[in-house]
Amino acid sequence: QVQLVESGGGLVQPGGSLRLSCAAPGSIFRSYDMGWYRQGPGKQRELVAVIARSGNTNYADSVKGRFTISRDNAKNTVYLQMNSLKPEDTAVYYCNAGLFAVVYWGQGTQVVVSS
(Lines give C-alpha, C1' and ligand atoms only; values in the text may rest on other atoms or scores of the structure.)
Protein backbone atom coordinates (compact mmCIF):
# COMPACT_ATOMS: atom_id res chain seq x y z
CA GLN A 1 0.00 0.00 0.00
CA VAL A 2 1.59 3.25 -1.15
CA GLN A 3 0.97 6.15 1.21
CA LEU A 4 1.10 9.77 0.17
CA VAL A 5 0.80 11.90 3.29
CA GLU A 6 -0.51 15.43 2.84
CA SER A 7 -0.44 18.29 5.30
CA GLY A 8 -0.84 22.05 5.42
CA GLY A 9 -4.49 22.65 4.71
CA GLY A 10 -6.69 24.93 6.77
CA LEU A 11 -8.77 28.08 6.86
CA VAL A 12 -7.34 31.25 5.34
CA GLN A 13 -8.73 34.64 4.42
CA PRO A 14 -8.96 35.78 0.80
CA GLY A 15 -5.60 37.08 -0.33
CA GLY A 16 -3.77 34.86 2.13
CA SER A 17 -1.28 32.06 1.60
CA LEU A 18 -0.90 28.40 2.47
CA ARG A 19 1.69 25.77 1.71
CA LEU A 20 0.68 22.18 1.21
CA SER A 21 3.13 19.32 1.61
CA CYS A 22 3.02 15.74 0.41
CA ALA A 23 5.52 13.13 1.55
CA ALA A 24 5.95 10.00 -0.55
CA PRO A 25 8.02 6.83 -0.28
CA GLY A 26 11.41 7.34 -1.86
CA SER A 27 10.90 4.65 -4.47
CA ILE A 28 7.77 6.42 -5.68
CA PHE A 29 9.09 9.94 -5.43
CA ARG A 30 12.18 9.20 -7.52
CA SER A 31 10.28 7.51 -10.32
CA TYR A 32 6.92 9.24 -10.56
CA ASP A 33 5.62 12.58 -11.69
CA MET A 34 4.01 14.36 -8.73
CA GLY A 35 0.98 16.59 -8.77
CA TRP A 36 -1.82 18.27 -6.92
CA TYR A 37 -5.48 17.98 -7.78
CA ARG A 38 -8.47 19.52 -6.07
CA GLN A 39 -12.19 18.90 -5.75
CA GLY A 40 -14.42 21.79 -4.81
CA PRO A 41 -17.97 21.47 -3.45
CA GLY A 42 -20.19 20.02 -6.15
CA LYS A 43 -17.35 19.92 -8.64
CA GLN A 44 -15.27 17.27 -10.33
CA ARG A 45 -11.67 16.69 -9.35
CA GLU A 46 -9.35 18.84 -11.43
CA LEU A 47 -5.64 19.19 -12.00
CA VAL A 48 -4.00 22.07 -10.16
CA ALA A 49 -0.32 21.57 -10.90
CA VAL A 50 2.12 18.84 -11.81
CA ILE A 51 5.89 18.55 -11.61
CA ALA A 52 7.72 15.93 -13.59
CA ARG A 53 10.78 14.02 -12.48
CA SER A 54 12.73 16.38 -14.72
CA GLY A 55 11.42 19.37 -12.79
CA ASN A 56 9.19 20.59 -15.60
CA THR A 57 5.94 22.04 -14.31
CA ASN A 58 2.44 22.59 -15.59
CA TYR A 59 -0.41 24.56 -14.04
CA ALA A 60 -4.12 25.00 -14.46
CA ASP A 61 -4.91 28.39 -15.96
CA SER A 62 -6.89 29.33 -12.88
CA VAL A 63 -3.83 29.16 -10.61
CA LYS A 64 -1.02 30.37 -12.89
CA GLY A 65 0.93 33.17 -11.28
CA ARG A 66 -0.50 32.40 -7.84
CA PHE A 67 0.51 28.79 -7.08
CA THR A 68 3.94 27.22 -7.28
CA ILE A 69 4.68 23.51 -7.22
CA SER A 70 8.11 22.28 -6.19
CA ARG A 71 9.80 19.09 -5.10
CA ASP A 72 12.52 18.43 -2.55
CA ASN A 73 14.32 15.30 -3.65
CA ALA A 74 16.22 15.02 -0.36
CA LYS A 75 12.97 14.91 1.63
CA ASN A 76 10.85 12.99 -0.90
CA THR A 77 8.31 15.76 -0.59
CA VAL A 78 6.34 17.84 -3.05
CA TYR A 79 4.99 21.25 -2.10
CA LEU A 80 2.24 23.52 -3.34
CA GLN A 81 2.74 27.14 -2.38
CA MET A 82 -0.58 28.94 -2.75
CA ASN A 83 -0.63 32.74 -2.71
CA SER A 84 -3.37 35.29 -3.33
CA LEU A 85 -5.97 32.71 -2.42
CA LYS A 86 -9.54 33.23 -3.57
CA PRO A 87 -12.81 31.78 -2.25
CA GLU A 88 -13.03 29.69 -5.42
CA ASP A 89 -9.84 27.92 -4.38
CA THR A 90 -11.83 26.27 -1.58
CA ALA A 91 -11.54 22.52 -2.11
CA VAL A 92 -10.08 19.28 -0.88
CA TYR A 93 -6.57 19.11 -2.29
CA TYR A 94 -5.15 15.72 -3.22
CA CYS A 95 -1.56 14.74 -3.80
CA ASN A 96 -0.98 12.49 -6.80
CA ALA A 97 1.88 10.32 -8.00
CA GLY A 98 1.64 9.10 -11.56
CA LEU A 99 3.67 6.95 -13.92
CA PHE A 100 1.92 5.96 -17.13
CA ALA A 101 -1.21 4.09 -16.04
CA VAL A 102 -0.18 3.71 -12.41
CA VAL A 103 -1.57 6.38 -10.13
CA TYR A 104 -1.52 6.84 -6.37
CA TRP A 105 -3.54 9.34 -4.33
CA GLY A 106 -3.23 10.89 -0.92
CA GLN A 107 -6.13 11.14 1.48
CA GLY A 108 -6.73 14.82 0.79
CA THR A 109 -6.39 17.99 2.83
CA GLN A 110 -9.10 20.61 3.15
CA VAL A 111 -8.46 24.22 2.15
CA VAL A 112 -11.12 26.81 2.95
CA VAL A 113 -10.74 30.38 1.76
CA SER A 114 -13.22 32.58 3.54
CA SER A 115 -13.48 35.81 5.48
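The values are calculated or read from the model by the stated rules, or taken from the named source; none is laboratory data. Note that the structure is predicted; figures quoted are calculated from it, not measured. Cβ placement follows ideal geometry from the backbone for every residue including glycine, while neighbour counts extend to all protein chains displayed. Note: areas computed on protein heavy atoms with side chains; ligands, DNA, RNA excluded. Shrake-Rupley method; radii C 1.70, N 1.55, O 1.52, S 1.80 Å.
The portion of the accessible surface of the chain made up by carbon and sulfur, rounded to a whole percent, is 47 (1.4 Å probe; DNA, RNA and ligands excluded). With 0.36 nm allotted per residue and the present C-alpha distance subtracted, the residue 47-residue 107 stretch has 20.0 nm of extension available. Restriction of the chymotrypsin sites (Phe, Trp or Tyr not before Pro) in segment 68-115 to DSSP coil positions whose beta-carbon has at most 12 other beta-carbons within 10 angstrom yields 100. Near residue 92, once Lys and Arg are set to +1 and Asp and Glu to -1 for all other residues with Cβ below 11 Å from its Cβ, the sum equals +2.
What the chain shows is 53 Å² of accessible area per residue, with the surface traced by a 1.4 Å probe over protein heavy atoms. Modelled spin labels at residue 99 and residue 27, positioned 7 Å past Cα toward Cβ, are 0.9 nm from each other.
Residue by residue, segment 100-109 carries 3J(HN,Hα) couplings of 6, 8, 9, 9, 10, 10, x, 7, x, 9 Hz when phi is fed to the Karplus relation 6.51 cos²θ - 1.76 cosθ + 1.60 (θ = phi - 60°); x denotes Gly or Pro.
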